[in-house]
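Colleague: Submitted below is the structure of interest, expressed as C-alpha cells.
The values are calculated or read from the model by the stated rules, or taken from the named source; none is laboratory data. Since the model is a prediction, treat every value here as computed from it, not as a measurement. A quick note on method: Cβ atoms are made from the backbone with ideal geometry, for glycine too, and the neighbour counts reach across all protein chains shown. For accessibility, only protein heavy atoms count, side chains too; no ligands or nucleic acids. Shrake-Rupley method; radii C 1.70, N 1.55, O 1.52, S 1.80 Å.
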Amino acid sequence: MIEKTLKGKPAYWIWLAFLGMFMAVGVACYVRQYLFGLGLTGMSRDVSWGLYISQFTFLVGVAAGGVMLVLPYYIHDYKVFGRITILGEFLAIAAIVMCLLFIMADLGQPLRALNVVLHPTPNSMLFYDMIVLNGYLFLNILCGWVILTAERKQVHPPKWIYFFVYLSIPFAVSIHTVTAMLYCGLPGRHFWLSAIIAPRFLASAFAAGPALIVLISLILKRVANYDAGKEAINKLVTIMIYSALLNLFFIGLEFFVGYYSNIPGHKETLQYLFFGLEHHGHVYNNLVPFMWASIIFMVGSIAMLATPAIRKGNEFLLGLACLILFTGLWIDKGLGFVFGGFVPNPLLEITEYIPTANELGIALGIWATGFFVLTLLYKIAVNVEHEIEH
Amino acid sequence: MDKQRRKFLKIAGASALAGIGAPALVKLTAGSAYASTHGAAPAHGAAPATGHAEAAPTGVRLGMVIDMRVIADHPALLDKAISSCTEAHNIPDFAGDRKNEIKWIWKAPFGSVFTEHSTSHLPKMVQDTDFAVLCNHCDDPPCVRACPTKATFKVKANGIVAMDFHRCIGCRFCMAACPYGARSFNWQDPRPYVKKYNPDFPTRMRGVVEKCNFCGERLALGKEPACVEACKGTGAIVFGDLNDPQSEIRQILDREFTIQRKPSLGTKPSVFYIV
C-alpha cells in the first residue's frame, strides 16, 4: 500500500514540499542545538522544561483522542464511524511520532537515550511512559495496517487483530494517565500535585483529538473527495463539546481549591498564569494574555459548536470552531500547564520562560514532520477507500 | 576531640569509598563500612561485597548541621565554604547569569529556604543573614524516584544521593522532582567557564545534571567535605553519621533545636539548620 504515497496531484506534492521546508529548518536548528547544547533554548535552571516537553504532553493527548473513535466503533459496533476510525488510528501514529521526536529534542545527551532501556528503572514514571507510548504506537500501526489491508481486499479482518484493537483502548487511556503522572507525583510542585490532572488531561485530549479529526475530515472532503459522513462528524462534535466542558469544569475546580482554601502554594501558579504574580515589586505575567485567550477560545468554540446552524449547516464555521477549540486546548495544556508549573520555583523565586527562535524552529520542524507522516498515512487510507468504491 | 575526629574520618572515608567507586561497590553493607580501619585504602579497608544483603537500619547516614548563629556572626565563612566547593568541584562561573548558573552550595534568604515557615516578625539576625542552601541528601529522595536511568542514586553505604554524570541522559526529570531546587543542568559546555581547574575532580560535559555530592570523592581520601573544611574550628558546619549516637553531629542534634527544609513532603532531609 505504501506505493500509494508516490502518486498524487500537484497539490499533494506542493503540500509535502511545504512541510518539507519546515522540516529542513527544523533539522538545521537541531544541528545547531546538538552542537551547542540546550543553552540555545529559552529554558533555564528554574524553568527546566519548556516548549519541547509541553508539546510532547499536548500531543500525547491528541494521540489518545483517537480512542473516541475506536471505542464506539469496535466496542459498541457504532457503524457510523466506519470511515473515520482509520483517521483516528493514523492520527495517533503521527502524534506519537511527534511525541518521541519532542522527547529526543529535549534530551541533553540524546545519544544516551537508550539508557532508559539498558538501565530500566521501574520507580520512574518516564520508564512507564516509554513502554506505553511505544506500545500504543505499535498497536496503532498494527491495527491500522491490518484492517486497512483487509478492507482493500474486501475481506473481514482476521479475528486475532481484535485482541490488539481492544488492547489499544486501555493503552490510549494509559498513555495520557502516565503522562499526567510525570507531573502529578512530584512533591513540591503544587500546581501539578493534583489528583485531577490525569482526568483533566483525558478530558482535554478527548476534545483536542476529535477536533483535529473533524477539521481534517472537512478538509479531506474538499481536497480528496473523501467524505467521512455527516452523522459521524455530528457525533464527534457532541463528544468534543462534552469533553471540552469537562475540561473547563476541572480548571474551575482547580481555581476553587486554590482560591477558597487560600493556601499560597495552591494558588500561586494560577495567579501567575491568569492574573500575574507579584514578586519583589515586579509583576510577572507574560502568560496572562495566552491563558485568557485560551479560555475565550474554549468557551467561544463550544458555543459555536453547540449552535445547530453552524454544526449542521456551515462547514466553514464548523471547521473554524474546531480550529479555535484545538488552539484553546493547545494553549491550556501545550503551553500554560508545563510552563506555569515552574513558577514560582522551589525557593519561591520567579524566572519567566520565553522560547528562542531556534527552539521554535525545532518545534515547528517536528510539527511539520508529524503532519508529513499524517499526510502520507491519510493518502494511503483515502486511496484505499477510493479503490474499493471503483 | 582528636580521637573522635579520627573515628569520623575513618567512617566517612570508608563508606564513601564503598559508594563512590563503582555501582558494584555500592552494595557493601553498612557493617563493612564500619568494620574498615583504613579509610583511604579500599584493598585493606572495605570488606568484599557480600551479595545483596539488605543494609541494616543502623547503617551510616551522613548528614550535616549548619549553625546559622555562627554564620550570622561570621558571614565570610559561608563565602569561604562556597568558594572552596567551587574550586573542589570545577563548578563553572557564569557571572550571575541565572539561566546557566550551576549551584552546589549557595546563599538565599530565610524566606526562600524555609518556605513552609512563617516569615512574619523574624528577628533581625534571620532577616539579615544569608542562609546556606545545598542538596539535602534526602533519606527518601524524589529525584532518585524520578530518574529513568539510575543516573542519580542513593549510596546504600552512607546515604549520599550521588550522580553518575556519564549515565545521565539530561531529561531533567530530577530537576522537576527536587522540591529544594538543588539541581543544576549544563545548558552548554561548562569547561570554558571553570576559573581554576582541579584535576582531582572531573569536569562535566554539556547536557547533564549535577549537584552537591557531600564531597564523596574527598571522603574517600579521608578528607572532610570542602565546605566543612573551610569552616574548620568554628562549628558553622558539622558533618557526620546521623545514625551513630556517639558522633559529634548526633550530640549537637540531641542538644540543639534544629529545623529541616520542607519536612511536610516526607523526604527526610539529612541537612539540619540551627537558627
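Colleague: Loop only per DSSP, at most 12 neighbouring Cβ atoms within 10 Å: give me the trypsin sites (Lys or Arg not before Pro) in segment B:98-175, ordered by residue number.
Modeller: Passing both the DSSP loop test and the Cβ count: B:Arg98.
Colleague: Mind jotting down the three principal axis lengths of the protein assembly as shown based on Cα atoms? Whole angstrom, largest first.
Modeller: 95, 55, 44
Colleague: Let me ask something additional. Restrict the search to segment B:80-130; then list the GluC sites (Glu not before Pro) that DSSP places in a loop and that have at most 12 other Cβ atoms within 10 Å of their Cβ.
Modeller: Listed in order of number, the matching sites are B:Glu116.
Colleague: Hey, got the dipole for segment A:2-389? About the Cα centre, +1 on K and R Cβ, -1 on D and E Cβ, debye to the nearest 20?
Modeller: Around 800 debye, computed over segment A:2-389.
Colleague: Just for the Cα atoms in chain A, what are the lengths along the principal axes, largest first, rounded to whole Å?
Modeller: 71, 49, 40
Colleague: Averaged across the residues of B:175-187, what count of C-beta atoms belonging to other chains lies within 10 Å of each residue's C-beta?
Modeller: Counting Cβ atoms of other protein chains within 10 Å of each residue's Cβ and averaging gives 6.
Colleague: Then there's this: From other protein chains only, count the Cβ atoms within 10 Å of every residue's Cβ in A:111-122, then give the mean.
Modeller: 5
Colleague: Can you give me the angle between helix A:125-152 and the longest principal axis of chain A, using Cα atoms only, in degrees from 0 to 90, rounded to the nearest 10?
Modeller: 20
Colleague: Under a straight-distance cross-link criterion of Cα-Cα below 22 Å, which lysines are reachable from A:Lys153, leaving out those fewer than 8 residues away in the same chain?
Modeller: A:Lys153 reaches A:Lys4, A:Lys7, A:Lys79, A:Lys379.
Colleague: For the full complex of protein chains and a 1.4 angstrom probe, list B:Ser264, A:Ser194 by accessible area with the highest value first.
Modeller: Heavy-atom accessible area, descending, gives B:Ser264, A:Ser194.
Colleague: Enter the angle in degrees (range 0 to 90, nearest 10) between the Cα long axis of helix A:161-184 and the first principal axis of the Cα atoms of chain A, meaning the one along which they spread out most.
Modeller: 10
Colleague: Roughly how big is the A-B contact, given as buried accessible area in Å² (both sides, 1.4 Å probe, nearest 100)?
Modeller: By this definition, chains A and B bury close to 3700 Å².
Colleague: Of A:Arg32, B:Arg206, which has the most accessible area and how do the rest follow, probe 1.4 Å?
Modeller: A:Arg32, B:Arg206
Colleague: Of all the accessible heavy-atom surface of segment A:14-83, with the other protein chains kept in place and a 1.4 Å probe, what percent is carbon and sulfur?
Modeller: 78
Colleague: Just how far, in whole angstrom, is segment A:207-238 from segment A:328-370 if you go by their alpha carbon centroids?
Modeller: Cα centroid to Cα centroid, the span is 29 Å.
Colleague: I would also like to ask the following. In degrees between 0 and 90, to the nearest 10, how far off the longest principal axis of chain A does helix A:85-106 point, with axes built from Cα atoms?
Modeller: Around 40 degrees separate the two axes.
Colleague: Still on this model: Can you pull out the trypsin sites (Lys or Arg not before Pro) in segment A:120-220 that DSSP calls coil and that have at most 15 other Cβ atoms within 10 Å?
Modeller: Sites meeting the loop and neighbour criteria: A:Lys153, A:Lys159.
Colleague: Heads up, I need the accessible area for A:Trp292: 1.4 angstrom probe, whole protein in place, Å², nearest 10.
Modeller: The accessible area of A:Trp292 comes to roughly 100 Å².
Colleague: While we're on this one: Solvent-accessible area of A:Ile219, probe 1.4 Å, all protein chains present, reported in Å² to the nearest ten, please.
Modeller: Probe radius 1.4 Å; accessible area of A:Ile219 about 90 Å².
Colleague: Moving on. How much of B:Ile252 can a 1.4 Å solvent probe reach, expressed as accessible area in Å² and rounded to 10?
Modeller: 20
Colleague: Viscosity 1.002 mPa s, temperature 20 °C: give me the Stokes-Einstein translational D for segment B:224-275 in µm²/s, with Rh taken as the Kirkwood radius over C-alpha pairs.
Modeller: Answer, rounded: 178 µm²/s.
Colleague: Excluding ligands, DNA and RNA, what is the solvent-accessible area per residue of chain A at a probe of 1.4 Å, expressed in Å²?
Modeller: That works out to 41 Å² per residue.
Colleague: How many percent of the alpha carbon pairs in segment B:150-221 exceed a separation of 14 Å?
Modeller: 64
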